[in-house]
1. Quickly run through the stretch 57-78 and pick out the residues that are without any contact (Cβ under 8 Å) to a residue 12 or more places away in the chain and either crowded, with 16+ Cβ neighbours inside 10 Å or outside any helix (DSSP H, G or I) (or both).
2. Would a scan of the stretch 90-99 turn up a residue that is open to solvent by 20 Å² or more (accessible area, probe 1.4 Å), more than 17 Å from Gln37 (Cα to Cα) and either among the polar types (S, T, N, Q) or part of a loop (DSSP other than H, G, I, E, B) (or both)?
3. Answer with yes or no whether Asn54 is part of a loop (DSSP other than H, G, I, E, B), at pLDDT 95 or above and farther than 21 Å from Asp26 by Cβ.
4. For the stretch 38-56, what are the residues that are closer than 20 Å to Lys76 by Cα and surrounded by fewer than 16 Cβ atoms within 10 Å (Cβ to Cβ)?
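The values are calculated or read from the model by the stated rules, or taken from the named source; none is laboratory data. The model shown is predicted, which means the values in this text are computed figures rather than measured ones. Neighbour counts run over all protein chains shown; Cβ positions are idealised from the backbone, glycine included. Surface accessibility is based on the protein's heavy atoms, side chains included, excluding ligands, DNA and RNA. Shrake-Rupley method; radii C 1.70, N 1.55, O 1.52, S 1.80 Å.
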Amino acid sequence: MTTSNETIFSKIIRHEIPAEIVYQDDQVTAFKDINPQAPVHLLIIPNKLIPTVNDVTAEDEQTLGHLFVVAAQLAKEMGIAEDGYRLVVNCNKHGGQEVFHLHMHLLGGKALGAKVCQ
């Protein structure tokens, strides 16, 4: 785990590096994954740096609940809500987390089977 207060996602939130942002408000940012695992593959991240699920505190509850509200809204906007989609949050190295800024994958647009997002 990194102890830095900076991640590549921090730079995306601030529009310092290019990303195809599909949603942003004062709590969360959502953008298209650069290595999509499904026809729709978005990352939804809190604007506040929370390195892993293990670092979540009670003060993060509203923001993390908002992640789910935004996920449902984006699934509807992307046309995948009715057929279904998958939400994935990885935690730490063995859980498949590569960027240590908590993030939720929103995947859909095809039958996903048993495959787990990396």
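1. Thr57
2. yes
3. Considered against the rule, which asks whether it is part of a loop (DSSP other than H, G, I, E, B), at pLDDT 95 or above and farther than 21 Å from Asp26 by Cβ, Asn54 comes out as no.
4. Scanning the stretch 38-56 gives a single hit, Pro39.
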